[in-house]
Amino acid sequence: MSTTLEPTAPPQSTSSAHENASKRRRRKKSFKHGAVIALLSAWTLFALAPIVWIFMMSLKTPEDIISNPPKFFFLPTLANYAEVLSGPEFLSPFLNSLIVTIGALVLTLFIGLPTAYALARFKFKGGESIAFGILSLRFAPELLIILPLYLIYQKSNLNDTYLGLILAYQLVTLPMLVWMLRSFIEDLPRELEEAVAVDGGTRWTAFRHVLLRLIAPGLGASLMLSFIWAWNSYTLPLVLSGRDTQVITTGIQQYISFQSIDWGPMAAATIISLIPGILFALLSLRWVVDGLTAGTVKG
């Protein structure tokens, strides 16, 4: 005579406790998720509030700008933008900024790319000292080096010239590009270049056809950050530029006079000066994301 055993159901009290624990974990997870979203939203509002306020000022009349209490609802006008874009006070510094920034990036790329490759691929005496020396250019505050740099520029007639500013901007752009690209190149396996050499290719062939394509994300990210730093540089052009080479960061100060401040045109000029950086960031956004996240996950 055989007997069958019926499966015993778990006690109801144990199942209920498990459900309650699961609900508590979900509520705790939802609370953390909501708190993170709230903090990020608050930080975004805090970071964007000055830009939004300047943008609103650029669309206001002088009476609306100085009204007390401040006006959040007003009839917008483009008069400030028309005034800024119709005069040389803004266009000349804007053009100078484009010339100097693009020139600085080209020179940085011309010097920094082979420098980063040499530091990553060749081991020679003093290599680390050279790399540290390049990085140390970013250690010193600009105010510390601006006085001797000004004296050197006066002796060599580089003051108030495009070339002088382009050379000075290398203190800002070159260290970051060299160190970022060096780390990207070091992460690439040497077997890639050895495979090209086996097929009869030279080191230049391997660099041009293989390495350059693989470091493109890092190169895009480096150029993007270099553009922003060079475009927003203030201390160097304040001392080293002159009437003919005044850039946008110092040119906006022309709207501040002894007797008054033209808030509307100055706000419009500020908004327009943001456009090149935003366009450059949008065009290189894919490269920037890939470049900044490269190396964080390794299979």
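Considering each residue of segment 47-83, count those that are of a type in the set (Lys, Arg) and open to solvent by 50 Å² or more (accessible area, probe 1.4 Å), and give that number. Residues in segment 47-83 being of a type in the set (Lys, Arg) and open to solvent by 50 Å² or more (accessible area, probe 1.4 Å): 1 in total. Of all residues in segment 116-143, those being over 15 Å from Tyr169 (Cα atoms) and either open to solvent by 40 Å² or more (accessible area, probe 1.4 Å) or touching a Leu at 6+ places or on another chain (Cβ under 7 Å) (or both) number 11.
Of all residues in segment 185-204, one or more are under 23 Å from the mean Cα position of the chain (by Cα), within 21 Å of Leu107 (Cβ to Cβ) and at pLDDT 85 or above. Scanning segment 144-162 for residues being surrounded by fewer than 12 Cβ atoms within 10 Å (Cβ to Cβ) and of a type in the set (D, E, K, R) gives a total of 1. Here's a check for you: in segment 23-46, which residue that is of a type in the set (Gly, Ala, Ser) and open to solvent by 50 Å² or more (accessible area, probe 1.4 Å) is modelled with the lowest pLDDT? Once the filter is applied, the top-ranked residue is Ser30.
Within segment 175-185, is there a residue that is charged (D, E, K, R) and open to solvent by 40 Å² or more (accessible area, probe 1.4 Å)? Within segment 175-185 (the criterion being charged (D, E, K, R) and open to solvent by 40 Å² or more (accessible area, probe 1.4 Å)), the answer is no, since none of the residues qualifies. Exactly one residue out of Leu165, Leu171 is open to solvent by less than 10 Å² (accessible area, probe 1.4 Å) and modelled with pLDDT of 85 or more, and it is Leu165.
Just wondering, is there one or more residues in segment 240-251 that are part of a helix (DSSP H, G or I) and either open to solvent by 60 Å² or more (accessible area, probe 1.4 Å) or without any contact (Cβ under 8 Å) to a residue 40 or more places away in the chain (or both)? No: zero hits. Every condition in (1) farther than 24 Å from Trp231 by Cβ; (2) touching a Phe, Trp or Tyr at 6+ places or on another chain (Cβ under 9 Å) is met by Glu89 except one, and the failing one is (1).
To keep it simple, each residue is scored yes or no on (1) in contact with a Phe, Trp or Tyr (Cβ under 8 Å, 6 or more places away or on another chain); (2) of a type outside the set (S, T, N, Q).
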residue: Val172; (1), (2): yes, yes
residue: Leu177; (1), (2): no, yes
residue: Glu186; (1), (2): no, yes
residue: Ala195; (1), (2): no, yes
residue: Asp199; (1), (2): no, yes
residue: Thr205; (1), (2): no, no
residue: Arg208; (1), (2): no, yes
residue: Arg213; (1), (2): no, yes
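Among the conditions (1) surrounded by 15 or more Cβ atoms within 10 Å (Cβ to Cβ); (2) part of a helix (DSSP H, G or I); (3) without any contact (Cβ under 8 Å) to a residue 12 or more places away in the chain; (4) not acidic (Asp, Glu), Arg213 misses just one, which is (1).
Okay, residues lined up against (1) in contact (Cβ under 8 Å) with a residue 60 or more places away in the chain; (2) closer than 30 Å to Leu240 by Cα:
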| residue | (1), (2) |
| --- | --- |
| Phe122 | no, no |
| Glu128 | no, no |
| Leu143 | yes, yes |
| Leu151 | no, yes |
| Asn159 | yes, yes |
| Ile166 | yes, yes |
| Ala195 | no, no |
| Val198 | no, no |
| His209 | no, no |
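The values are calculated or read from the model by the stated rules, or taken from the named source; none is laboratory data. Just so we're clear, the structure is a prediction, and the values are computed from it rather than from any experiment. Glycine also receives a Cβ, built like all others from the backbone with ideal geometry; neighbour counts cover every protein chain displayed. These accessible areas exclude ligands, DNA and RNA; they are computed on the full protein's heavy atoms, side chains included. Shrake-Rupley method; radii C 1.70, N 1.55, O 1.52, S 1.80 Å.
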